[in-house]
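The values are calculated or read from the model by the stated rules, or taken from the named source; none is laboratory data. Predicted model, so just to flag it, every value in this text is computed and none were measured. Here the Cβ positions follow ideal geometry from the backbone for every residue, glycine too, while neighbour counts run over all protein chains shown.
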Amino acid sequence: MSQPQLPPAVARHTDIRSLRDSKEPRSAVEMAAIVAFYLNEIAPEGERRQAIGTADLDKYFKQAGFKLPKAQNMTLVNALSAGYFDRVGQGQYRLNPVGYNLVVHNLPARTGDAGGGTRAKKRTSSTKKTVASKKASIPRKAVAKKARAAKPAAKKPVATPSKAPALTKPSGR
């Protein structure tokens, strides 16, 4: 059985530290995906495994020189929530295709990198599109107030005295 071909940018790494250095993870979740990828694809035959747990994170975060997260037990849960892992057992997680693509194709996440992912720029107030309408220049509260004023007011029922007969005390007949 032949192993799948890894992209040259990933295939040249033989240890977790060099892989971390080239992928530049920005969070513990990204680093967890790198650890899972390393253990599944790059690690020596004796160390390879499909699923990882918190003990693996502890060992390989230290080997890679990556800061240990405060809530290490939550790192894999957060990576699962982010869509990078599938749960395979109690405390065991497997890198899924989304996580694989993150490591191989989208890290490091800087624009202009060959093979790196590209991110859309966040809009600032100077780059926001302007709408040429009167409503665009009016604050939201004023727009809502105008809308309420434009609607005809619903007629409130006027309280009228009741036409019901007055209750009187029965006389002592």
Inset, instruction - Could you list, in sequence order, all residues of segment 22-47 that are more than 19 Å from S81 (Cβ to Cβ), exposed (fewer than 14 other Cβ atoms within 10 Å of the Cβ) and either modelled with pLDDT of 95 or more or within 22 Å of the chain's Cα centre (by Cα) (or both)? - result: none
Inset, instruction - Select from segment 75-97 the residues that are outside any loop (DSSP other than H, G, I, E, B), free of Cβ contacts under 8 Å to residues at least 24 places away in the same chain and over 13 Å from the mean Cα position of the chain (by Cα) and write down the one among them that is surrounded by the most Cβ atoms within 10 Å (Cβ to Cβ). - result: D86
Inset, instruction - Could you look through segment 51-67, keep only residues that are loosely packed, with under 12 Cβ neighbours inside 10 Å and not in a helix (DSSP H, G or I), and pick out the one that is farthest from the chain's Cα centre (by Cα)? - result: G65
Inset, instruction - Consider only pairs whose beta carbons are under 8 Å apart and that are at least six residues apart or on different chains; among these, list those whose first residue lies in segment 45-73 and is touching a residue at least 60 places away in the same chain (Cβ under 8 Å) and whose second residue is part of a loop (DSSP other than H, G, I, E, B). - result: none
